[in-house]
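A short worksheet on the structure shown next.
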Amino acid sequence: MALLASAFLLIGFTACSSDSDASAKSSTTEKDAVDATPAKSGGGADIANAITITAPGMSYDVSGDLRPGVAAITFKNTDDESHMMVVARLNDGVTRDQFEKALESPDESAVNSLLADPQDTGYGTPAELGPGQQSTVITQNLKEGNYATICFFTTDDGTPHFAMGMIGEFKVTGEPSTDERPDSDGTITIDDKAITMPDGFEGKGTFAVENTGAKVHNIQLVKLDDGATIEGYLKAVNETMSNGKSVENAKGGLLMGGVDVVEPGQMVWLVLDLPAGNYGYLSTEDAQDSPKPPTQIGEFTVS
Ligand SMILES: [Cu+2]
C-alpha cells in the first residue's frame, strides 16, 4: 500500500492490504537513446527528460511534463518544514478536486476507484525531505498518464498537508524519452531482509537502487544530529505521528530524500551529493509492517 503509507507510520491511514499483486508492475521500457541533449537534472546526472517539483509551502510547483521512459525527477523542498511527495497515477479524466475529495473520505475505496494502478504500485520517485533539502531519482518505467503528488504529513492539529493544498500534478506524455539509463557508481541493494550499501559508499554519485526482494521497499535517508541514532529518530517520528503531531517535533534527524517505493525487480537510480555528517537509512515500508524494529536499517558516515 505504497500510496497511503510510504511515509513513516501514517497511523490513521493504515488499513493495510499487504497481499499486493507485485506482478502488476509495468514492464521496463528500454528505448535506446540516440541524441539525448545533456541537461542537469539537479543532482549531476545528464538526463534531458527531467522535471523539478518544488515544495515552497503547502503546494507543489511543477516545472513541466515528462515523456515516458528514462526520466529524472527532482524534489526540492524550499519550505521551512518537512514534506513528502507520494505519487499516484490517476485514471483518465480524474480531476484534482475529485482526487482531493476522495483523499478526505474515510472510505479508502474512494481513492482506489480513481487510481490507474493498484494502490501499492511504486514508481521510483524521491522520498521525504526536511527543510531546504532536495533529492533526485532517475526512473525508467513511468507509463503515460496523469500523476498526482500528495503530502501526507500533518500540522500539529492533525490536518494533513494535502488538505491545505499539497496535491500536485504532472503528466507523462508524448514520444518516449531518448535518454539512456545512467552509468552508476555502485548499487544499493534492497531485499526482504536488509539494505546493502555499495563498498566504499561516500554519499556522492549516481547509485543504482535495486529491489531484489519479493516485497515493495523504499530507502529513506536521514542526516543524524550529533549523538543521534537512526533507531532513535525512527522512534521519535513514530511517536509524534501516532500522536497526530507534525513530524517536525521528532528530534535527532533531518529527512534527506531517497527513493520512495521500489517494486520487486525494479531498478532506479539515486543521485546523491550528501554533505559531511552521520546518516541513517531505512525502508519505512518495512518499518510499518511490524511493531518490531525494522531490519532494513543502518548508518554511514560522509566525510
Ligand atoms: Cu507537506
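Read the figures in this text as sums done on the coordinates, not as results from a lab. This one's a predicted model, so the numbers in the text were calculated from it and none came from an experiment. So basically every Cβ, Gly included, is an ideal-geometry build from the backbone, and we count neighbours across all protein chains shown.
A few remarks follow.
- A simple spin-label model places the labels of SER109 and GLU239 4.0 nm from each other, with each point 7 Å out along Cα-to-Cβ.
- Within segment 143-227, antiparallel bridges make up roughly 70 percent of the DSSP beta bridges whose residues both belong there.
- Estimated FRET transfer efficiency (THR155, LYS101; beta-carbon r; R0 35 Å; 0.05): 0.95
- Per-residue packing, averaged as other Cβ atoms within 10 Å, sorts the ranges 265-275, 191-201 into the order 265-275, 191-201, beginning with the highest.
- Two-site FRET efficiency, GLU299 against GLN119, from Cβ-Cβ distance with R₀ of 25 Å, rounded to 0.05: 0.20
- Segment 151-261 shape via C-alpha gyration tensor axes, a/c threshold 1.5: oblate
- Packing here is the average count of other Cβ atoms within 10 Å per residue, and on that basis the peptides 69-76, 229-236, highest first, run 69-76, 229-236.
- Cβ-placed point charges (K, R +1; D, E -1), dipole of segment 69-172 about Cα centre in debye, nearest 20: 500 debye
- DSSP-defined antiparallel bridges as percent of all bridges, segment 166-303, nearest 5: 85 percent
- Between segment 82-96 and segment 191-255, the Cα center-to-center distance that results, in Å: 24 Å
- Remark: the Cα gyration tensor places segment 58-147 in the oblate category, a/c being 1.5 or greater and a/b not exceeding b/c.
- Flagged links, alpha-carbon separation over 19 Å, of LYS193/LYS215; LYS76/LYS245; LYS223/LYS251: LYS76/LYS245
- Rounded if a/c under 1.5, otherwise prolate or oblate - segment 40-102, Cα gyration tensor axes: oblate
- Table column - 3J(HN,Hα) (Hz), segment 277-283, Karplus curve with 6.51, -1.76, 1.60, x for Gly and Pro: x, 9, 10, x, 9, 6, 9
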